[in-house]
Amino acid sequence: MTLNRREFIQNTAAAAAAVTSTTLWAADTIKIGFVTPLTGPLALFGEADKWTVEQMKQTFKDGITVAGKKYSVEILIKDSQSNPNRAAEVASDLILKDKITLMVVSSTPETTNPVSDVCELNETPCISSVCPWQPWFFGRKGDPAKGFAWTHHFFWGLEDVIGNFTNGWKSVKSNKKVGGLFPNDGDGNAWGDKALGFPKPLAEMGFTLNDPGRYQNGTQDFSAQIAAFKKDGVEIVTGVMIPPDAKTFLTQAKQQGFNPKVITLGKALLFPVGIEALGDLGLGLTTEVWWSPSHPFSSSLTKQSAKDLAATYEKSSNKQWTQPLGFAHALFEVAADALKRAKSVKAADLRDAIAATDLDTIVGHVKWGGPGPFKNVSKTPLVLGQWVKGSKHKVDLVIVNNETAKNIPTGGSLKPM
């Protein structure tokens, strides 16, 4: 087929108009990248994230106004596959190929750290959560005097988890001998660190820590640790484990006749699905509680209370509420609030708006440069919970100690295993 000159010019003009309209449309869209572990050993952390994204699509369906101009909102969720290398890879794709406006990232140092590093490198505004601040900050070789330029984090710290765990242990009569299970990963190395982690404060409180050393995630045999704990007369066990490792340890401890009075583990015992999988072994276990339906906070975006959000999730997903639900929601609260206050959608203006955040969210108050330890870290409250037989669900997480956050109500007291 041959084109005459007029047809050629008309077709070229039409094509140019199509490109221009697409470009304009793209320029009028705010793209939020969201990296989270949807599969792999950390998948329980990301269980509520797709649901949260669907809720946010509804929340932002009419767009968002930045500096007097309305933009449509697109959320691009990517699976880290519980792998730090994969997390960095999808973060790079979101920034370089999808041209996102800002990044939100959640769930453990294996996800938050590589994504935050990629954002820092590419000068992309990033909001992260669900990782204690020490492994996020020091794990990325943060300088307390300088902080970071592009990445901001909100969550609690090891000082909070240590405070909650020990407050619970002090309420139970024991010989104060503690066995530590710390893996060779970002969390384990931070929790077991002699200066920043558990050893120093435990010693100061009169607890004796038996730390048999770092083990590899996915370990199939905890006999050496169990033997060391039995020999030492350990009555309290703590650590930060991925769910499959916790199940292996608890099963083998029972088989080998090791029955401590208290088992308080971070990470592994956060999720009802994981506790149900343990059967009777799960009842009486204690863990940190960063968010629950009884937290006295509401969403700045949807106005839902923590109780309302949990109930809505349970009704529409047919799953029990889970702690990361509140923080996934809060990531978008902070993002939306920063966008509304930004001078423009340019990266530097958005970064400055994030840094100036002063917001009541569904997980508590988020403010950088305030009472947090460093300018890029905002702390949220933490309490202690214990798993018990449920009434509505198979298991329930009851708050049993709130000494570090009195505004969050307790539902009972800690009972020995």
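Which residues, taken from the range 346-370, are under 17 Å from E74 (Cα atoms) and surrounded by fewer than 22 Cβ atoms within 10 Å (Cβ to Cβ)?
Filtering the range 346-370 for residues under 17 Å from E74 (Cα atoms) gives 346-347, 350.
Listed by number, the residues that qualify are K346, A347.
Taking the listed residues L397, L331, the one that is crowded, with 21+ Cβ neighbours inside 10 Å and assigned by TED's automatic domain parsing to the domain that holds I263 is L397, with no other qualifying. For the range 211-226, check the following and say yes or no: at least one residue is modelled with pLDDT under 95, within 24 Å of the chain's Cα centre (by Cα) and of a type outside the set (S, T, N, Q). Scanning the range 211-226 turns up at least one residue that is modelled with pLDDT under 95, within 24 Å of the chain's Cα centre (by Cα) and of a type outside the set (S, T, N, Q). Of the residues making up the range 369-413, those that are of a type in the set (A, V, I, L, M) and not in a loop (DSSP other than H, G, I, E, B) are V377, V383, L384, V388, V395, L397, V398, I399, V400. Residues in the range 107-148 that are out of contact with any helix residue (DSSP H, G or I) (no Cβ under 6 Å at 6 or more places or on another chain), surrounded by 24 or more Cβ atoms within 10 Å (Cβ to Cβ) and not hydrophobic (A, V, I, L, M, F, W, C): T108, S116.
Does G284 count as without any contact (Cβ under 8 Å) to a residue 12 or more places away in the chain and surrounded by fewer than 18 Cβ atoms within 10 Å (Cβ to Cβ)? It is false that G284 is without any contact (Cβ under 8 Å) to a residue 12 or more places away in the chain and surrounded by fewer than 18 Cβ atoms within 10 Å (Cβ to Cβ).
The single condition among (1) buried (at least 23 other Cβ atoms within 10 Å of the Cβ); (2) part of a loop (DSSP other than H, G, I, E, B) that T238 does not satisfy is (2).
For the range 177-216, which positions are part of a loop (DSSP other than H, G, I, E, B) and either crowded, with 16+ Cβ neighbours inside 10 Å or of a type in the set (D, E) (or both)?
Applying the first criterion (part of a loop (DSSP other than H, G, I, E, B)) to the range 177-216 yields 182, 184-185, 192-198, 205-207, 211-214, 216.
Selection gives F182, D185, G192, D193, L196, G197, F198, F207, D211, P212.
Considering only residues that are in contact (Cβ under 8 Å) with a residue 60 or more places away in the chain and of a type in the set (A, V, I, L, M, F, W, C), look in the range 255-281 and name the one that is farthest from P243 (Cα to Cα). Within the range 255-281, the match that is farthest from P243 (Cα to Cα) is V262. In the set V366, V334, only one residue is of a type in the set (A, V, I, L, M), touching a strand residue (DSSP E or B) at 6+ places or on another chain (Cβ under 9 Å) and either modelled with pLDDT under 95 or not in a helix (DSSP H, G or I) (or both); that residue is V366.
Within the range 196-222, residues that are touching a residue at least 60 places away in the same chain (Cβ under 8 Å) have Cβ atoms under 7 Å from residues that are polar (S, T, N, Q) in these pairs: L196/Q134, counting only partners at least 6 apart in sequence or on another chain. Here T410 fulfils each of the conditions (1) at pLDDT 95 or above; (2) more than 22 Å from the chain's Cα centre (by Cα); (3) more than 30 Å from V234 (Cβ to Cβ); (4) not acidic (D, E) apart from (3).
Can you find even one residue in the range 295-307 that is at pLDDT 95 or above and either closer than 19 Å to L42 by Cα or touching a Lys or Arg at 6+ places or on another chain (Cβ under 8 Å) (or both)? No, the range 295-307 has no match at all.
Applying the set (1) touching a residue at least 60 places away in the same chain (Cβ under 8 Å); (2) surrounded by fewer than 16 Cβ atoms within 10 Å (Cβ to Cβ) to Y313 leaves exactly one unmet item: (2).
The values are calculated or read from the model by the stated rules, or taken from the named source; none is laboratory data. In this text the structure is predicted, and so the values were computed from the model without any measurement. Virtual Cβ from ideal backbone geometry, glycine too; neighbours counted across all protein chains shown.
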